[in-house]
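**Student:** Input: one structure, supplied below.
The values are calculated or read from the model by the stated rules, or taken from the named source; none is laboratory data. A quick note: this is a predicted structure, and the numbers were derived from the prediction, not measured. Note that we place each Cβ from the backbone using ideal geometry, even for glycine, and neighbour counts take in every protein chain shown. What goes into the accessible areas is simple: the full protein's heavy atoms, side chains included, and nothing from ligands, DNA or RNA. Shrake-Rupley method; radii C 1.70, N 1.55, O 1.52, S 1.80 Å.
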Amino acid sequence: MATSHTAHDVEVEDQAGYWALVSGNKNFRRLWIGNLISLLGDWFNTIALYVLITELTGSPLALGAVFITKMLPWAISAPLAGVLVDRYNRRRLMIGMDVLRAVIVLGFLLIDQPAEVPWLYVLLTAQVVAGAVFNPAKSAALPNITTPRELLTANALMSATWSTMLAVGAALGGFAVEALGTEAVFWIDSATYVLSAVFIIGTTIPQDTEPAQTSLLRSAAREVMDGWQHLRAHPRIGRFAFAKATWAVAGGSLVYMLALLGDRIAPSALAAGIGILYMARGIGTGIGPIVVRALFPERHQWPVVIGGAVMISGLCYVGIGLVPWSSSLSIIALVCTLVVLGHAASGGNWVLSTVILQKRTEDRYRGRVFSTDWLFVMTAESMSILVGSALLEVGWLTLESAVLAFAGLQMACGLGWLLVVVPREWRDERAEAAADGGPRTAEYGA
C-alpha cells in the first residue's frame, strides 16, 4: 500500500497553546487576523442576502437557490482552484481574491427589484468562485507556516474563529440589517475584504511549488487528474476527503432550513430571527473544535469521533423538529441549545478531518486535495438544499417534517461512516504499525 506521510504526519508530545501560537508566529497571526475581519463581513453579507431575496421573492426555492449559489459554483471551480493553489504563490492568490471580492460585493447595491434577482445570483457566483480560490490557499498554507505541534492548534483556532464570526456576524448582521438596511451591510463587507488583504500582505508563506511545464489551461485537466489519482493511490487521504461531505448530505438542507425557521420564531423581525439561529450555529461550531482538541488528543480516536459527531448532529436536529415552534423565549432558548449542540458536533468533524488531510498530504498536492475536499462537501450540500427546498416549494413536506427527514438521513450517514470507514482506517493503521515495527499497533486493538 502506498504511504502518505509528510513532515507533519508525526505524533507530538504536546500541542502548542493558543496564545503561544498567536503571539509567537507572526505569519499565522497576520493570516488569522485578516481571516477574522473578512469573516465578520461575510456573515453580515450573508444575513443581508437572505433577507433581500426573501423580501423580493418570498419563495423558499429562491432562498434555497441563494444557498446553492454559495456552494455549487464553488464545487465546480474547486478542481481548477486546486491547480492554481499548487502552482502559484498562495499569498498573492489570497490577496488578489480579497481585492476582487471587495469590488464584487458592491454590485449588490444595485439589486432592489424582483426583476434584478438574476443579477444577484451572477454576482454571488463571482464572489463564491473567488472564495473557492482563497480558502484552499489558506488551508494549504497553514502547514507551511506552522510546526507539527502548532498545526492542530492553528486549525482549531481557525475553525473557532469561523464559528465565532458566524455567531457574532450573524447576530450583529441581523440587527444591522434591521437598523441600517442591506446597503450599509454590503459596504461594510467590502471594507473587510480590503482590510484582510492588508494583513495578508505582511505575511511570508514558504511553498513547495512545482514549476509549470505548459500553460494553465493545457495542463489543468492533467493536474486535476493527478490530484484525483493521488487520492485513489492513498486511501488514508482519500477517505477523509469525504468526511465533511458525509455530514453535508443532510446537513446542507438542515442549515438552509434554519433560515426558514427564523421566520417561525421571530415572524415580525426576520433578520433578527435568522441572526439568532445562525449565532447559535456559530457558537456550536466554535465550541466543537475546542472540545475535541481537549478530549481526543490521540489521532487513532479521530475516525470514530468523526462518525459519532455526524450522528450526534442529526440527533440534535431530530430534537429541533420535535419542538413545538413559537416565539416564546423558552422555545427559542431550547431550539438554540439544540442548534449549539448539533453544530458543536459538526465543528468537531470539520477540524479533525481537516487536520488529517493536512498531516497526510504532501505540500505539492495539498491545494488539489483540499479543493477536492471542498468539491465533495459543496456538491453534497448543494444537492441536499436543492432537494429540500424543492420538497418545500411543491408542498410535499412541511418544514417540521422536512427537518425530521433530513435529521434522520444525517444519523444514517454517520452510522455508515462508522460501519464502512472506521474499520478500513484501523486496518490500514495496524498494517502500517506492524510494517514499521512501532508501538502504535496496540492503539488499535485486535
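**Student:** Looking only at helices (runs of 4 or more DSSP H) that lie completely in the stretch 27-132, which have at least 3 residues being open to solvent by less than 30 Å² (accessible area, probe 1.4 Å) and in contact with a Gly (Cβ under 7 Å, 6 or more places away or on another chain)? Before the answer, list the steps.
**Tutor:** Working: elements: 60-69, 72-87, 90-104.
So the answer is 72-87.
**Student:** Do we find a residue being out of contact with any strand residue (DSSP E or B) (no Cβ under 6 Å at 6 or more places or on another chain), of a type in the set (S, T, N, Q) and more than 20 Å from ASN155 (Cβ to Cβ) anywhere in the stretch 350-358?
**Tutor:** No.
**Student:** Still on this structure, please answer the following. Looking at the structure I just gave you, is ALA156 farther than 19 Å from TRP32 by Cβ, open to solvent by less than 20 Å² (accessible area, probe 1.4 Å), hydrophobic (A, V, I, L, M, F, W, C) and in contact (Cβ under 8 Å) with a residue 12 or more places away in the chain? Before you say what the answer is, go through the steps one by one.
**Tutor:** Numbers: farther than 19 Å from TRP32 by Cβ: no; open to solvent by less than 20 Å² (accessible area, probe 1.4 Å): yes; hydrophobic (A, V, I, L, M, F, W, C): yes; in contact (Cβ under 8 Å) with a residue 12 or more places away in the chain: yes.
No; evaluated as a whole, the condition is false for this residue.
**Student:** Tell me whether the stretch 192-209 contains one or more residues that are more than 30 Å from LEU36 (Cβ to Cβ), at pLDDT below 70, open to solvent by less than 70 Å² (accessible area, probe 1.4 Å) and of a type outside the set (Gly, Ala, Ser).
**Tutor:** First pass over the stretch 192-209, keeping only residues more than 30 Å from LEU36 (Cβ to Cβ): none.
No, the stretch 192-209 has no match at all.
**Student:** Okay, moving on. Given the residues LEU334, LEU338, LEU391, which is the only one that is in a helix (DSSP H, G or I), among the aliphatic types (A, V, I, L, M), in contact with a Cys (Cβ under 9 Å, 6 or more places away or on another chain) and without any contact (Cβ under 8 Å) to a residue 40 or more places away in the chain?
**Tutor:** On the way: LEU334 fails: in contact with a Cys (Cβ under 9 Å, 6 or more places away or on another chain); LEU391 fails: in contact with a Cys (Cβ under 9 Å, 6 or more places away or on another chain).
After applying the criteria, what remains is LEU338.
**Student:** Among the candidates SER326, SER330, SER346, single out the residue that is in contact with a Phe, Trp or Tyr (Cβ under 7 Å, 6 or more places away or on another chain) and open to solvent by 10 Å² or more (accessible area, probe 1.4 Å). Outline the logic, then answer.
**Tutor:** Working: SER326 fails: in contact with a Phe, Trp or Tyr (Cβ under 7 Å, 6 or more places away or on another chain); SER330 fails: in contact with a Phe, Trp or Tyr (Cβ under 7 Å, 6 or more places away or on another chain).
Being in contact with a Phe, Trp or Tyr (Cβ under 7 Å, 6 or more places away or on another chain) and open to solvent by 10 Å² or more (accessible area, probe 1.4 Å) holds for just one of SER326, SER330, SER346, which is SER346.
**Student:** In this structure, does ILE320 turn out to be surrounded by 24 or more Cβ atoms within 10 Å (Cβ to Cβ), in contact (Cβ under 8 Å) with a residue 40 or more places away in the chain, part of a helix (DSSP H, G or I) and of a type in the set (A, V, I, L, M, F, W, C)?
**Tutor:** When the stated conditions are applied, ILE320 passes them.
**Student:** Here are some conditions: (1) part of a helix (DSSP H, G or I); (2) under 17 Å from LEU399 (Cβ atoms); (3) among the hydrophobic types (A, V, I, L, M, F, W, C). VAL292 meets all but one. Which one does it not meet?
**Tutor:** It is condition (2) that VAL292 fails.
**Student:** Identify, please: which residue in the stretch 292-304 is surrounded by fewer than 17 Cβ atoms within 10 Å (Cβ to Cβ) and of a type in the set (A, V, I, L, M) and is, among those, modelled with the lowest pLDDT?
**Tutor:** Across the stretch 292-304, the extreme among qualifying residues is ALA294.
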